[in-house]
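The values are calculated or read from the model by the stated rules, or taken from the named source; none is laboratory data. The shown structure was predicted, so the numbers you read here are calculated from the model rather than taken from an experiment. Here the Cβ positions follow ideal geometry from the backbone for every residue, glycine too, while neighbour counts run over all protein chains shown.
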Amino acid sequence: MNRETNSSYPYEPEFSFKQIVKGWLRDLKYVYSFKKQLGIAVLAGVLLGAALAWKWPVTYTARLTFVVDDSKSAGGGGLAALAGQFGFNLDGIGGGSGVLAGDNVQELLRSKRLIKATLLTPYDTNGRLSLADKYSEVYKLDKKWLKYSPDNKRIYFPVGGQKFSRLQDSLLQEINKRVVEDEFAIAKVDKKLGFFEVNTVMRDERLAQLFCERMIKQATDFYITTKTSRLRNNVRRLQTRADSIGRILNKKTYSASAANQQLLDLNPAYVSANANVEVQERDKMVLSTIFSETVQNLEVSKTMLAQETPTVQVVDEPELPLKKNRLKYPVAMVAGALIGLFLMAAYKLLMK
């Protein structure tokens, strides 16, 4: 018996790119035969695209650029600059471990603590409306969450509030999540430079501007406070000590002067009077030495504090009017026409 005739392997036709092209052409001719249906689908897509562009919410982009000047977080200095020319990043070498050193700033500005503090800043001049209140109003969250309110009243967030109800915290967390995921972005313009760019995209122009500016203000204050807290506490302690010793030294100076004046009026036979003057002078000298050392240490600490205090310099601020983002009618109509044509063609081919 012939082994080839009893083979169990199925027959596989030879692959041909020409046959594939011919199949595509046949499908195109078949779809083109439904010109009327295709035209209706294209017209429907155009109308839907125009309606979508009309209903699409307008957003505003607030852009802010800032630079961090921190000599103590300069990493490897010249070595890092030289390595950067060859594509190596040495920002984490040599002490560049500050709060805003390297890429830490990107995580810091996304923290819930800073975003929450920014949302609780005033929106208007009288301070009755916070950024969180305006955000809830613009995005219709106040009406959406009205059903959860036990007294059927709108949820408000007082400016600078600390303690909130469970319902207020829940809504604030949703706002925080929406901002971080969709409306707030920070990026480093160049890895070799210390410039950062912050973009805030929101449906209210003033809200986008205020949130962008105050977010940087919150981050700057937090950064400087964290960076210099130890040195500030040390300066505060030395200043308190110097003031205390200075007051005691002044009292000792007056006491020594009074003792010398009494010595002039007393009989030289009294030895105790001379001893009292010597004790007063000795105490004054000791206190003077301690006061001098304390003041010297205080000035050194103030110098170190000035050197350690970084500078966050805003380069470009968001100015009104902000960039307006909207879905353009031509783009929406062309996209709608293409989608309608594709869907109708796919439907006809599937039903073939």
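Restricting attention to region 132-148, the residues that are without any contact (Cβ under 8 Å) to a residue 24 or more places away in the chain and either among the hydrophobic types (A, V, I, L, M, F, W, C) or surrounded by 14 or more Cβ atoms within 10 Å (Cβ to Cβ) (or both) total 3. Assessment of region 159-173 against the conditions (modelled with pLDDT of 90 or more and either within 19 Å of Pro318 (Cβ to Cβ) or in contact with a His (Cβ under 9 Å, 6 or more places away or on another chain) (or both)) yields no matching residue. In region 168-181, the condition of being in contact with a strand residue (DSSP E or B) (Cβ under 7 Å, 6 or more places away or on another chain), assigned by TED's automatic domain parsing to the domain that holds Phe196 and closer than 21 Å to Ser111 by Cα is met by no residue.
Matching residues to (1) modelled with pLDDT of 85 or more; (2) outside the structural domain of Leu64 (by TED's automatic domain parsing); (3) assigned to a helix (DSSP H, G or I):
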{"site": "Thr200", "(1), (2), (3)": "yes, no, no"}
{"site": "Ala208", "(1), (2), (3)": "yes, no, yes"}
{"site": "Met215", "(1), (2), (3)": "yes, no, yes"}
{"site": "Gln218", "(1), (2), (3)": "yes, no, yes"}
{"site": "Tyr223", "(1), (2), (3)": "no, no, yes"}
{"site": "Asp243", "(1), (2), (3)": "yes, yes, yes"}
{"site": "Ile248", "(1), (2), (3)": "no, yes, yes"}
{"site": "Ser255", "(1), (2), (3)": "no, yes, yes"}
{"site": "Gln261", "(1), (2), (3)": "no, yes, yes"}
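For Val312, indicate whether it is at pLDDT below 85 and not hydroxyl-bearing (Ser, Thr, Tyr). Yes. The single condition among (1) part of a helix (DSSP H, G or I); (2) within 25 Å of Pro57 (Cα to Cα); (3) of a type in the set (A, V, I, L, M, F, W, C) that Leu167 does not satisfy is (2).
If you go through region 294-328 and keep only what is surrounded by 14 or more Cβ atoms within 10 Å (Cβ to Cβ) and over 30 Å from Arg214 (Cα atoms), you end up with Thr294, Val295, Asn297, Leu298, Ser301.
Applying the condition of being assigned to a loop (DSSP other than H, G, I, E, B) and out of contact with any helix residue (DSSP H, G or I) (no Cβ under 6 Å at 6 or more places or on another chain) to region 121-131 and asking which residue is surrounded by the most Cβ atoms within 10 Å (Cβ to Cβ) yields Leu129.
A single entry from Phe211, Phe157, Phe196 fulfils the requirement of being crowded, with 20+ Cβ neighbours inside 10 Å and either in contact with a Gly (Cβ under 6 Å, 6 or more places away or on another chain) or more than 16 Å from Thr121 (Cα to Cα) (or both): Phe196.
Residue-by-condition table, conditions (1) modelled with pLDDT of 55 or more; (2) in a helix (DSSP H, G or I); (3) out of contact with any Cys (no Cβ under 8 Å at 6 or more places or on another chain):
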position	(1), (2), (3)
Phe15	yes, no, yes
Lys18	yes, yes, yes
Thr61	yes, no, yes
Asn89	no, no, yes
